[in-house]
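Heads up: the structure comes next, in structure tokens.
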Amino acid sequence: MDTQHMDDQIWEWLDGQSSPAQSQQLQQLISTDAAWAARHAELLALHQSLQTDLEVLQPSMRFSKNVMEQIAALGLQHTARSYLNNRIIYGLGGLFVAAISAIILYAIAMVDWAAGSESSLQLPGAQAGSQIDWGGLVSGPVGTGAVVVFSVLALALADQYLRGRLQKRHGTS
């Protein structure tokens, strides 16, 4: 019989994982077959030594502290700098500033300065064949969403710029 199969069956029996029928069959094989009895004696001795001699080793507190000190000595890597390209950030910021500037310039150009204190800022109406109500989109949820998105992007850009200046001032990077 295959020794691996024999070992597996004996280990299951020693670990208490075999069924009662398998246990009875193994006891009969061990009592009648010399090869089974010899292998059982070897594995039983190993099983008992593992049960009694094996103690769980815990690393000392100093070892854990040494490891943590070595990790701290390495310092944290600036991972964001490795995958963020400043050209892309400044390009998006420039696009944002250009869009806001165009909107402000358009609003200033549409003001009727001769009317006195009343403002006559009007958005152009839809073309004759167009199905889109541009005035409703800009003053509705799309316009509001655009203002919110541009405001958040402006604040993020200002935060990044000011943090960079603050870090340069304090000498950290």
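Quick notes on this structure:
- Here GLY140, GLY93 are screened, and the one residue that is at pLDDT 85 or above and of a type outside the set (Val, Ile, Thr) is GLY93.
- Which numbered condition SER18 fails, given (1) surrounded by 10 or more Cβ atoms within 10 Å (Cβ to Cβ); (2) in a helix (DSSP H, G or I): (2)
The values are calculated or read from the model by the stated rules, or taken from the named source; none is laboratory data. Here the structure is a predicted model, which means the values were calculated and not measured. Positions of Cβ are backbone-derived with ideal geometry, glycine not excepted, and every protein chain shown enters the neighbour counts.
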